[in-house]
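Heads up: the structure comes next, in structure tokens.
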Amino acid sequence: MTPQQHELDRLNELRTIIGRANRAYYVDDAPFLADSEYDALVIELRDLEQRHPELDGGSSPTDQVGAPVSQAFAPVLHGAPMLSLDNAFSLAELAAWEQRMMRLLGLSAGTDIEYVCELKIDGLSVSILYEDGNLVRAATRGDGTTGEDITANIRTIKCIPHSLQRHTGNPVKIEIRGEVFLSHQEFARINAELEERAGRTFANCRNAAAGSLRQKDPQVTAQRNLHALFYTVGEVSGWSVNEQSTLLKQYRDWGLPTNSHVRKCKGLAEVSKFVDEWETRKEQLDYDIDGVVIKVDSFHLQRELGQVSRAPRWAIAYKYPALQVRTKVERIDVQVGRTGALTPVAILAPVAVGGVIVSRATLHNEDEIHRKDVRQGDTVVVQRAGEVIPEVVEVVAGERTGLEREFVMPQTCPICGTPVVRVPGEAVTRCPNHACPARQQQSMEHFVSRAAMDIEGLGTRHIEQLLATGVVRDVADIYLLNSEKLATLDRMGEKLASRLLQNIEASKTRPLSKLIFALGIRHIGERSASILASHFGTLDNLRHATAKDLAGIHEIGQTMADSVTAWFSEPRHSELIDKLILVGVRPQDSAALQVSNDLAGKSFVFTGTLTKLKREQAEEIVRARGGRASSSVSRNTSFVVAGDAAGSKLEKAQTLGVPILSEEDFIELVGNYNSASAQSPLDV
Ligand code: IVH
């Protein structure tokens, strides 16, 4: 084969793989390459293409690397332009805005304008056209004049009606506008799933919502449980209203979701109360808002005020302090995690980001530092999105003085001094020493954490002490603790110790899924642990499973399968399992729980707060009896179990006519469970 032929083959091969990887990432959301692997292939392809322009066959995935496939969406000309809003960052700016309006309207000082205050939802604005009450087209904002046609995707969003409820005088045509967004809960669920499947996640709710909405395949959008709230109107014919407040009421009557946190305010004094109130209340919302939108209620006044360039004069966005702020990187430290991964962490000059003081931010790994070119001494932008660990977004290059120092990954573990390893093709550098104190500490903290064995009362400091004194050498030793051993710990009185011992005892019979998760097997998160537990039923079955058995399970990929077999094949892990059994850890085998299959084919959605059972236990019961526990309500849901303060899911079930059970009804339904199993989760 000539070198030319060889390169041509490789080029074609690379184009195919990268094309597949792009599709997997952007369209199917099931990436099969690690970031670093993907980047390496793209670099190789670019290099080949540059060296051989004669081999340029026209289309190459390098043309679209990093950009979502946008030619998938046809352009849509909006009936009326989609405007943006001017911002205010202080009450003084709000007052200036009001004064300008008063002057234009010729109102005398002291007149109170009627406003409507709404939350400024941080999602994507969409415009949905209803003709004769039927949803005919939906578009993104685009440049405000032309958007992208996302009708098929919008149709999959469950809270958006395909037709408006009939009332007399419905509009012939109306562009309904609002925001599509993801709840924090959904965002976490999607990211957990992506993390397990692919190791890539969305940075924040807004990105995740955008990624979910601009999908080529509406099936993917359908699985994302997007939500929408509507708050304004575009082009209308055959209908009119006179106030923003009436518009919102009409939307509700048509069956369109609107935000319930809306307040009519007379004058700026009332507006400012609303603004202050939501500055703290926003933390309790299950979605992101970045401010409050204040609108003049009267449409008559709105028309009189008009707009300047692309923003109306009659509305303004009061923005809360940004969740992105600048600060200085004092130095870069390295942390060692439970898998031995060395994570560089930026130690920052402390700053308040959205009301929380941030002094550290993860830099993920060496490649990431080089990609962002973060140096010690740099001024950087840090962001905190919801519950997510703060991270460095970018370096403010203009602030460089030349005195910044580049970061060099240490050659040895900063904790135990063992030479570190970096497997080619992986972005992560690891400490290979299983006995590394940092790894042991982290593994143990993970083992006792709430999502794992849930041993309350054994904190970081205690674990540090127990490991340092050698009282505890592995997680099985936790079960050999007694009051004398605990008495040696700082701040551990008799009462605390006896409660801790009770908690340790109780953890012996946690469900199998919790134990599997607690073991800290790489790539096995909570969800995959639960899948493995239901599939294998007992720890013994799982232990003896082959990679082939494992990879055959729906939702368990090859990487996970290999990781599980590799874990169990290590003698020290095998010994640990034996020891755990010896000290009395008896996970509730899922097989033992499989008392019957009487819920086969039935799906349950739990919502609100359950008081007698934990939600996880209730879901475990459903699964143990062959049923499915799901997080979203659809026509196919068999039952919705509504606990206290159930919200939108309950409403949805009512709308769809899905049978609703109280927690008591549910317990009654599964009542024979108690007699069938010695260790019923219902006893707890
Ligand atoms: S009113 C002419 N109301 O904020 C009126 N916008 O920064 C235009 N937004 O593009 C919008 N919540 O995507 C309005 N309650 C709300 C909103 C809201 C979020 C978004 C919208 C708009 C952007 C302007």
Looking across the range 202-225 at residues that are in a helix (DSSP H, G or I) and not small (Gly, Ala, Ser), the single one that is nearest to Thr140 (Cα to Cα) is Leu213
Per-region count, the range 169-201, residues part of a strand (DSSP E or B) and either touching a helix residue (DSSP H, G or I) at 6+ places or on another chain (Cβ under 6 Å) or within 16 Å of the ligand (Cβ to nearest atom) (or both) | 8
Unmet requirement for Leu613, which otherwise passes all of (1) more than 22 Å from His227 (Cα to Cα); (2) of a type outside the set (Lys, Arg); (3) in contact with a helix residue (DSSP H, G or I) (Cβ under 6 Å, 6 or more places away or on another chain) | (3)
Just give me the residues in the range 273-284 being away from the ligand (no atom under 13 Å from the Cβ) and either charged (D, E, K, R) or modelled with pLDDT under 95 (or both), in sequence order.
-> Lys273, Asp276, Glu277, Glu279, Thr280, Arg281, Glu283, Gln284
May I ask you to list the residues in the range 300-312 that are within 12 Å of the ligand (Cβ to nearest atom) and not in a strand (DSSP E or B)?
-> Gln302, Leu305, Gly306, Arg310
Pairs only if they're at least six apart or on different chains, beta carbon under 8 angstrom, first in the range 425-449 and in contact (Cβ under 8 Å) with a residue 24 or more places away in the chain and under 22 Å from Ile504 (Cα atoms), second part of a loop (DSSP other than H, G, I, E, B) and among the polar types (S, T, N, Q); list them, first residue then second.
-> Arg439/Thr339; Arg439/Asn433
Inspect the range 173-186 for any residue being of a type in the set (A, V, I, L, M, F, W, C), in contact with a Pro (Cβ under 6 Å, 6 or more places away or on another chain) and crowded, with 17+ Cβ neighbours inside 10 Å and give the result as yes or no.
-> no
May I ask you to list the residues in the range 115-144 that are more than 30 Å from Glu283 (Cβ to Cβ) and either at pLDDT below 90 or touching a Phe, Trp or Tyr at 6+ places or on another chain (Cβ under 6 Å) (or both)?
-> Gly142, Asp143, Gly144
Is at least one residue of the range 221-243 surrounded by 21 or more Cβ atoms within 10 Å (Cβ to Cβ) and over 30 Å from Glu277 (Cα atoms)?
-> yes
Output the residue which, of all residues in the range 322-346 that are touching a residue at least 40 places away in the same chain (Cβ under 8 Å) and not in a strand (DSSP E or B), is farthest from Asn365 (Cα to Cα).
-> Leu323
Among the residues of the range 496-515, is any surrounded by 21 or more Cβ atoms within 10 Å (Cβ to Cβ) and basic (Lys, Arg)?
-> yes
Is it the case that the range 586-604 has a residue that's hydrophobic (A, V, I, L, M, F, W, C), at pLDDT 85 or above, in contact with a strand residue (DSSP E or B) (Cβ under 9 Å, 6 or more places away or on another chain) and not in a loop (DSSP other than H, G, I, E, B)?
-> yes
Number of the condition not met by Leu8 [criteria: (1) surrounded by 12 or more Cβ atoms within 10 Å (Cβ to Cβ); (2) over 30 Å from Gly557 (Cα atoms); (3) modelled with pLDDT under 65; (4) not charged (D, E, K, R)] = (3)
Taking the range 471-515 only, how many residues are without any contact (Cβ under 8 Å) to a residue 40 or more places away in the chain, hydrophobic (A, V, I, L, M, F, W, C) and under 22 Å from Glu570 (Cα atoms)?
-> 2
Examine the range 321-337 for a residue that is crowded, with 18+ Cβ neighbours inside 10 Å, within 16 Å of the ligand (Cβ to nearest atom) and of a type outside the set (Val, Ile, Thr), and state whether such a residue exists.
-> yes
What about Glu366, is it within 16 Å of the ligand (Cβ to nearest atom), of a type in the set (Asp, Glu) and surrounded by 15 or more Cβ atoms within 10 Å (Cβ to Cβ)?
-> no
Where residues in the range 113-146 are assigned to a loop (DSSP other than H, G, I, E, B) and within 13 Å of the ligand (Cβ to nearest atom), which of them is surrounded by the fewest Cβ atoms within 10 Å (Cβ to Cβ)?
-> Asp143
Taking the range 605-618 as the search range and keeping residues that are surrounded by fewer than 21 Cβ atoms within 10 Å (Cβ to Cβ) and not in a loop (DSSP other than H, G, I, E, B), which one is farthest from the chain's Cα centre (by Cα)?
-> Gln617
Residue that is farthest from Pro587 (Cα to Cα), among those in the range 619-633 that are in contact with a Ser or Thr (Cβ under 7 Å, 6 or more places away or on another chain) and in a helix (DSSP H, G or I) | Arg623
Out of the range 225-240, which residues are within 15 Å of the ligand (Cβ to nearest atom) and among the hydrophobic types (A, V, I, L, M, F, W, C)?
-> Leu226, Ala228, Leu229, Phe230, Val233, Val236
Among the residues of the range 543-564, how many are part of a helix (DSSP H, G or I), buried (at least 20 other Cβ atoms within 10 Å of the Cβ) and modelled with pLDDT under 95?
-> 3
For Asp290, state whether it is acidic (Asp, Glu) and more than 10 Å from the ligand (Cβ to nearest atom).
-> no
What is the one condition in (1) out of contact with any strand residue (DSSP E or B) (no Cβ under 7 Å at 6 or more places or on another chain); (2) within 28 Å of Asp276 (Cα to Cα); (3) not charged (D, E, K, R) that Gln215 does not satisfy?
-> (2)
Residues of the range 147-162 satisfying the condition of being in a loop (DSSP other than H, G, I, E, B) and of a type in the set (A, V, I, L, M) = Ile150, Ile157, Ile160
Can you work out which of the residues in the range 241-262 that are part of a loop (DSSP other than H, G, I, E, B) and not polar (S, T, N, Q) is farthest from the ligand (Cβ to nearest atom)?
-> Gly255
Note on Ala80: of the conditions (1) within 16 Å of the ligand (Cβ to nearest atom); (2) in contact with a helix residue (DSSP H, G or I) (Cβ under 7 Å, 6 or more places away or on another chain), unmet is (2)
Hits in the range 84-112 (condition: polar (S, T, N, Q), assigned to a loop (DSSP other than H, G, I, E, B) and either near the ligand (Cβ under 9 Å from one of its atoms) or touching a residue at least 40 places away in the same chain (Cβ under 8 Å) (or both)) = Ser84
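The values are calculated or read from the model by the stated rules, or taken from the named source; none is laboratory data. Keep in mind it's a predicted model, so treat the numbers as computed, not measured. All Cβ positions, even for glycine, are placed from backbone atoms using ideal geometry, and neighbour counts span all protein chains on display.
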